[in-house]
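Here's the structure we're looking at; comments come further down.
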Amino acid sequence: MTTESAAELAAVEDLLIRVLPDPMGFAERVLGELLERLATPAGTGTVIPSPTVADPEPAEPQQVLIDRSMLLAAALGACECWGEDRLCRSCGGQGSAGWVPPDPELYVEYVAPAVRRTTDSPDSPDSPHPVEGEDHS
């Protein structure tokens, strides 16, 4: 055995003796040191701050309306064109509400509350009425 390999073996044995009593503590120290080194640019000694997720850019008002229209169309089983485009590749102008079965989750979210509101009216089952506690002024 060469002197160099004997020294390496002694270093490994010394390391194992220090690690064995508390292997998790050792692993945490090593990982902490590794993370610190990875966060420090070579030669600068300064730590790079952790990356943060920025808020997504706000959508344009027109895009918000387009998205809402698509959600409501799906909730009512309509095509995205609402059956108003004779040249529509999806429905050929036939895609008004009820054209296909409504999306169940979107129906529950958007349509069911309005249906409940109109059918729970003590005055008339066909007329919408204000919900108690809501201010519509």
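The values are calculated or read from the model by the stated rules, or taken from the named source; none is laboratory data. Please read all numbers here as calculations on a predicted model, not as lab measurements. Here the Cβ positions follow ideal geometry from the backbone for every residue, glycine too, while neighbour counts run over all protein chains shown.
State all residues of the stretch 92-114 that are assigned to a helix (DSSP H, G or I) and buried (at least 16 other Cβ atoms within 10 Å of the Cβ); if no residue qualifies, say none.
Narrowing the stretch 92-114 to residues assigned to a helix (DSSP H, G or I): 104-114.
Within the stretch 92-114, Leu106, Tyr107, Tyr110, Val111 qualify.
Here Leu38, Leu9, Leu71, Leu65 are screened, and the one residue that is surrounded by 12 or more Cβ atoms within 10 Å (Cβ to Cβ), part of a helix (DSSP H, G or I) and modelled with pLDDT of 65 or more is Leu71.
Between Arg117, Arg89, the distinction of being surrounded by 10 or more Cβ atoms within 10 Å (Cβ to Cβ), more than 30 Å from the chain's Cα centre (by Cα), modelled with pLDDT of 80 or more and not aromatic (Phe, Trp, Tyr) belongs to Arg117 only.
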